[in-house]
1. Scan (1) in a strand (DSSP E or B); (2) within 12 Å of another protein chain (Cβ to nearest Cβ); (3) of a type in the set (A, V, I, L, M) for the single condition A:Val25 breaks and write down its number.
2. Give the number of residues within region A:44-61 that are within 29 Å of A:Lys104 (Cβ to Cβ) and either hydroxyl-bearing (Ser, Thr, Tyr) or away from every other protein chain (no Cβ under 11 Å) (or both).
3. Identify, by number, the condition in (1) modelled with pLDDT of 95 or more; (2) closer than 21 Å to B:Phe131 by Cα that B:Ser57 doesn't meet.
4. Find all pairs meeting these conditions: Cβ atoms under 9 angstrom apart; at least six residues apart or on different chains; first residue within region A:16-35 and without any contact (Cβ under 8 Å) to a residue 40 or more places away in the chain; second residue surrounded by fewer than 18 Cβ atoms within 10 Å (Cβ to Cβ) and of a type in the set (D, E, K, R).
5. Suppose we filter region C:60-101 for residues that are crowded, with 19+ Cβ neighbours inside 10 Å, farther than 16 Å from C:Leu112 by Cα and touching a helix residue (DSSP H, G or I) at 6+ places or on another chain (Cβ under 7 Å); how many remain?
6. Looking at (1) in a helix (DSSP H, G or I); (2) hydroxyl-bearing (Ser, Thr, Tyr); (3) without any contact (Cβ under 8 Å) to a residue 40 or more places away in the chain, can you tell me which one C:Thr46 breaks?
7. Scanning for something of a type outside the set (A, V, I, L, M, F, W, C) and farther than 20 Å from D:Gly103 by Cβ, does region B:110-126 turn up at least one residue?
8. Which ones in region B:1-31 are more than 19 Å from B:Thr72 (Cα to Cα), in contact with a Ser or Thr (Cβ under 8 Å, 6 or more places away or on another chain) and not aliphatic (A, V, I, L, M)?
4 protein chains.
Amino acid sequence: MQELDRVRYLIETRDRLIGLFGMVVEEVAPGSSRVSMSVHEGLLNTAALCHGGAIFSLADVAFALACNSHGTKALALESSINFIRPVSAGETITAAASEISCGKTTGLYTVLVTNNDGRPVAYMKATAYRFPERLPD
Amino acid sequence: MQELDRVRYLIETRDRLIGLFGMVVEEVAPGSSRVSMSVHEGLLNTAALCHGGAIFSLADVAFALACNSHGTKALALESSINFIRPVSAGETITAAASEISCGKTTGLYTVLVTNNDGRPVAYMKATAYRFPERLPD
Amino acid sequence: MQELDRVRYLIETRDRLIGLFGMVVEEVAPGSSRVSMSVHEGLLNTAALCHGGAIFSLADVAFALACNSHGTKALALESSINFIRPVSAGETITAAASEISCGKTTGLYTVLVTNNDGRPVAYMKATAYRFPERLPD
Amino acid sequence: MQELDRVRYLIETRDRLIGLFGMVVEEVAPGSSRVSMSVHEGLLNTAALCHGGAIFSLADVAFALACNSHGTKALALESSINFIRPVSAGETITAAASEISCGKTTGLYTVLVTNNDGRPVAYMKATAYRFPERLPD
């Protein structure tokens, strides 16, 4: 199995929030990824909008796929997210992660979350701590 | 019903991630709150540690209670979180939100997440956008 | 005088850190800008590298030009910056600001700082608070 | 010379922004510090308020003192700052840095900047990357 498929398979089968939120991994490439999620009633906050925790989780999974895509283990050290536009139940949102830099022990990624119309919903900047060990098979 | 009880009741009954993650609202006071969550197998990430999205969601709910505690509507504009120490299944973690400042249109909050031993697990800094309207009954 | 020239002139003549650090405004366009700075001995930190405060200030000026480029007053509400690569005395660094979104009361911007080789030195994500009033002449 | 005095002396003599901005190191203790700065006309931005770059630099120096206070080298990996209240020329502001956690390779710090009245002006959360090497004499 190729490295990218291995990483994707590992995360898709082990990351429990993918199933809990109903996320769909659309694409994984070296240093990038795309993950989508259909927002239903069960993901709303007090204002009846998609919960910030659900949007963060979607972006975090896209980030995890991107920063682990090189085949070695990486974890979030710090993540910062701006909530730009409200999302209602019935909408599908997509998180696209990109690599700004990838050093020996840390990496920097951005994740743009957009709605059906392609308009920005949220924007994350996240720092990965990179471990030397290879991801398990 | 008193203002704080009204806000707490509103959030506890409408915020769907509280139920999804099994959070327990421990306390709400003016500008602060405390929320706990028992971490089970269903909340783990690829590394078999509590998912960053679950920790963020817990902190975000504590933040929401704190910034809405004054009785008017507030939403997260931006949140930044550091992941300090891994959390395993079986642990209970608690998020304590505090108010740094509360202005006319924005407010600033910190949320410290600790484990059973009281050691820091995560630390969030979050900016609230404050709306003039009173929260609904 | 055109709006962009007016904003640029205003900031270039009033912002005192431009002169203090020896910054050069290279370009201002709607929602974006580019500012450069030659790093000399007087801007170093304890490790004899360009000071984080100097890099932040450069990125902040690029951000200010971009978020004020529409002609109405805007100020930083929150800024987050990653330091990616060390910068030594003798290098020239350039900050390029871009607009992610521009709403009624807030806006979101990123600023990529690169060195002579075009490699990333720092990356900022910043939230602007937008006031309704027009910038003074 | 004691460790804390050694670190303080090293930073005070080498960090060039301390002199450029006229900062005064008030105190250094294990994991914490306090630094003040008198805001003069030369530090203002376009809105005639203390420049965000000057406030960040003050907080960054307080952070540097705190995260290097253990005697080994540390640098900022990422810093996030909220600007809470405007500062005018003539005011003196003070940055107080505290340690949230200090691990083997990273540390987390907060810096509260207050004005003469003790009211919050800015709040920073910053991540340090910790190197194994001892600071030079």
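1. Going through (1) in a strand (DSSP E or B); (2) within 12 Å of another protein chain (Cβ to nearest Cβ); (3) of a type in the set (A, V, I, L, M) one by one, A:Val25 breaks only (2).
2. Result for region A:44-61: 1.
3. For B:Ser57, the failing item is (2).
4. Listed by first residue and then by second, the contacts come to A:Arg16/B:Glu41.
5. Of the residues in that region, 4 qualify.
6. Answer for C:Thr46: the failing condition is (1).
7. Checked against the condition, which is being of a type outside the set (A, V, I, L, M, F, W, C) and farther than 20 Å from D:Gly103 by Cβ, region B:110-126 yields no hits at all.
8. Once the filter is applied, which keeps residues that are more than 19 Å from B:Thr72 (Cα to Cα), in contact with a Ser or Thr (Cβ under 8 Å, 6 or more places away or on another chain) and not aliphatic (A, V, I, L, M), region B:1-31 yields B:Phe21, B:Gly22, B:Glu26.
The values are calculated or read from the model by the stated rules, or taken from the named source; none is laboratory data. Keep in mind the model is a prediction, meaning the values are calculated, not measured. Methodologically, a virtual Cβ is constructed for each residue, glycine included, from the backbone with ideal geometry; neighbour enumeration extends over all protein chains shown.
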